[in-house]
Amino acid sequence: MMFSIDDSQDDNLTTKTNSNITQPTQNISPSVSSKHVIIVSDARKIGPEALPRYSYKITSQFVFSENEQKPHVVERKEEDFEWLHNQLKKAHIGVIIPYLPDKTSGRVNDQILQAQYKKHSNFLLEICEHQVLSQNPDFKIFLTQPQIAQQIQEVSQSQKKSWFGMIKDLQVTAQINLAQGGWIRQDTSLPPDVQCSEMRAYLDGLENQLLTTQDFGKKISIQHKQLAATISKFALSTSLLGSCETDSQFLGNGMGKLANVNDKLSHIYMKHSDNENELLDGELEHCIRLTRAAKEAIKGRENALLSHHAALINRDEKKVKLAKSKQLDPPSPQKVAEAETELQQAEVEVVKTHDFHEVVSEITRKEMFRFQNEKAKHFQSIAIQYVKINVEFAEYVQKEWTEILPTIDPPKP
């Protein structure tokens, strides 16, 4: 299922075309850094040997200002990355937050560390390139302050009650009431969020298809590995067969050369399998996790609607309470005044939750527009890379067969 978002007039979502400055390795993932420099390096093992944890050196420059004269260098534990991710999710409801890289575990070698450097630097670069997330104060603390623990404590103690923060409090309260009541989801008279439902259906279908494609990609890679093993055995058998042809030196040598070619092809198929797996499994996993991050953003919009629904029902209850208080015999002016006050408060909450839903809806609309654009570019990049590695593979195979042909074709008498 597909849905359409018309965002042609959104000037804040223009596409950047300059290249990344991600080190130490590059990635075909759709981060579009133009001037930011973020380098994750120098992993350090901390904690007990039985349950080791890791910290990383982070070097950043030109993230918050083009006039930064020298880079910021900090050390951050993997728990600090998790803290940053949680802070962004709390502060920016409806925004697609870049997914958090997995923690380093098990046996660690240089190849694994290089992959972790790449994932963590991409995570930070994607935050840099987001117009809203890049301005988050916790993100600035994460990249610039030497002692993050002290800064985290200060931020948590001085939570700024912004408009979004107050609305978030209302949302949480409404969700608690909703969970306790249990009946809000059954009220079909309340207006549905059709566009949100379409987004959810689209993302569910996309995730399922990505998982299916990833599964078939793994099977192709496994089959090529199995074929590589079979070719290796075939090479050995042709080598032994050639050694049996003592009566024909030319044929014996030819079979030996054929064995050598098959041995080379076995390695080529094995390398090709690794390349396929890195592309189809690794990059599709990136797409899957990004899709799940988008679903989390949609969940924020769904929760905002539920909060508004809860406020509407609460207002209706207050109206009923006021009507009943006016019908008391004997009359009770105090109860009528209390009911009127409660109804006024309920009306205020209805307006606030409605405004919050409208704001979150606009955020998710723009975020899904951005998601679709970046996803299309990423899919195109994956397709191009896949074609290239198969063309390169085919050229290697053709070269080996072409070169051996004259050596086994017997000379004309």
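Looking across segment 40-51 at every residue that is under 15 Å from residue 114 (Cα atoms) and among the hydrophobic types (A, V, I, L, M, F, W, C), the one that is surrounded by the most Cβ atoms within 10 Å (Cβ to Cβ) is identified as 40. Total residues in segment 52-68 satisfying the condition of being at pLDDT 80 or above, surrounded by 17 or more Cβ atoms within 10 Å (Cβ to Cβ) and in contact with a helix residue (DSSP H, G or I) (Cβ under 8 Å, 6 or more places away or on another chain): the figure is 5.
Quick grid of which residues meet (1) of a type in the set (A, V, I, L, M, F, W, C); (2) open to solvent by less than 60 Å² (accessible area, probe 1.4 Å); (3) in contact (Cβ under 8 Å) with a residue 12 or more places away in the chain:
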{"site": "105", "(1), (2), (3)": "no, no, no"}
{"site": "109", "(1), (2), (3)": "no, no, no"}
{"site": "120", "(1), (2), (3)": "no, yes, yes"}
{"site": "125", "(1), (2), (3)": "yes, yes, yes"}
{"site": "129", "(1), (2), (3)": "no, yes, yes"}
{"site": "132", "(1), (2), (3)": "yes, no, yes"}
{"site": "135", "(1), (2), (3)": "no, no, no"}
{"site": "138", "(1), (2), (3)": "no, yes, yes"}
{"site": "142", "(1), (2), (3)": "yes, yes, yes"}
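Among the residues in segment 213-235, are any hydroxyl-bearing (Ser, Thr, Tyr), within 15 Å of residue 268 (Cβ to Cβ), open to solvent by 60 Å² or more (accessible area, probe 1.4 Å) and modelled with pLDDT of 90 or more?
Kept after step one, since they are hydroxyl-bearing (Ser, Thr, Tyr), are these residues of segment 213-235: 213, 221, 230, 232.
This time we only want the ones that are within 15 Å of residue 268 (Cβ to Cβ), so: 221, 230, 232.
Next cut, open to solvent by 60 Å² or more (accessible area, probe 1.4 Å) only: 230.
Filter once more, so that each one left must be modelled with pLDDT of 90 or more: 230.
Scanning segment 213-235, I find at least one residue that is hydroxyl-bearing (Ser, Thr, Tyr), within 15 Å of residue 268 (Cβ to Cβ), open to solvent by 60 Å² or more (accessible area, probe 1.4 Å) and modelled with pLDDT of 90 or more, so the answer is yes.
Filtering 375, 366, 388 for residues that are open to solvent by 50 Å² or more (accessible area, probe 1.4 Å) and in contact (Cβ under 8 Å) with a residue 24 or more places away in the chain leaves a single hit, 366. If the condition is being of a type in the set (S, T, N, Q) and surrounded by fewer than 13 Cβ atoms within 10 Å (Cβ to Cβ), then segment 391-409 contributes 398, 402. So which residues in segment 324-343 are surrounded by 11 or more Cβ atoms within 10 Å (Cβ to Cβ) and part of a helix (DSSP H, G or I)? Across segment 324-343, the qualifying residues are 324, 325, 326, 335, 336, 337, 338, 339, 340, 341, 342, 343. Evaluation of residue 308 against the conditions (1) buried (at least 20 other Cβ atoms within 10 Å of the Cβ); (2) of a type outside the set (A, V, I, L, M); (3) under 30 Å from residue 209 (Cβ atoms) shows that the sole unmet condition is (3). Go through segment 60-80 residue by residue and tally those that are farther than 23 Å from residue 131 by Cβ and touching a residue at least 12 places away in the same chain (Cβ under 8 Å). So the answer is 8.
Does residue 283 meet the test of being assigned to a helix (DSSP H, G or I), at pLDDT 85 or above, open to solvent by 50 Å² or more (accessible area, probe 1.4 Å) and acidic (Asp, Glu)? It is false that residue 283 is assigned to a helix (DSSP H, G or I), at pLDDT 85 or above, open to solvent by 50 Å² or more (accessible area, probe 1.4 Å) and acidic (Asp, Glu). Of the residues contained in segment 182-204, none is found to be modelled with pLDDT of 90 or more, farther than 30 Å from residue 386 by Cβ and either among the hydrophobic types (A, V, I, L, M, F, W, C) or loosely packed, with under 15 Cβ neighbours inside 10 Å (or both).
Taking the condition more than 30 Å from residue 296 (Cβ to Cβ) and part of a helix (DSSP H, G or I), does residue 363 pass?
Numbers: more than 30 Å from residue 296 (Cβ to Cβ): no; part of a helix (DSSP H, G or I): yes.
Against the criterion (more than 30 Å from residue 296 (Cβ to Cβ) and part of a helix (DSSP H, G or I)), residue 363 does not qualify.
Restricting to segment 70-89, name every residue that is more than 12 Å from residue 120 (Cβ to Cβ) and of a type in the set (Lys, Arg). Listed by number, the residues that qualify are 70, 89. The one condition from (1) modelled with pLDDT under 85; (2) in a helix (DSSP H, G or I); (3) open to solvent by 70 Å² or more (accessible area, probe 1.4 Å) that residue 165 does not meet is (3). Of the residues in segment 254-261, not one is within 30 Å of residue 194 (Cβ to Cβ) and either of a type in the set (Ser, Thr, Tyr) or touching a Leu at 6+ places or on another chain (Cβ under 6 Å) (or both). Remark: residue 352 matches the filter, which requires a residue to be over 30 Å from residue 210 (Cα atoms), among the charged types (D, E, K, R) and crowded, with 17+ Cβ neighbours inside 10 Å. Quick check, is residue 319 assigned to a helix (DSSP H, G or I), touching a residue at least 60 places away in the same chain (Cβ under 8 Å) and open to solvent by 80 Å² or more (accessible area, probe 1.4 Å)? No.
The values are calculated or read from the model by the stated rules, or taken from the named source; none is laboratory data. Here the structure is a predicted model, which is why all the values come from computation and not from measurement. Glycine also receives a Cβ, built like all others from the backbone with ideal geometry; neighbour counts cover every protein chain displayed. Please note that ligands, DNA and RNA were not included when accessible areas were found on the heavy atoms of the full protein model with its side chains. Shrake-Rupley method; radii C 1.70, N 1.55, O 1.52, S 1.80 Å.
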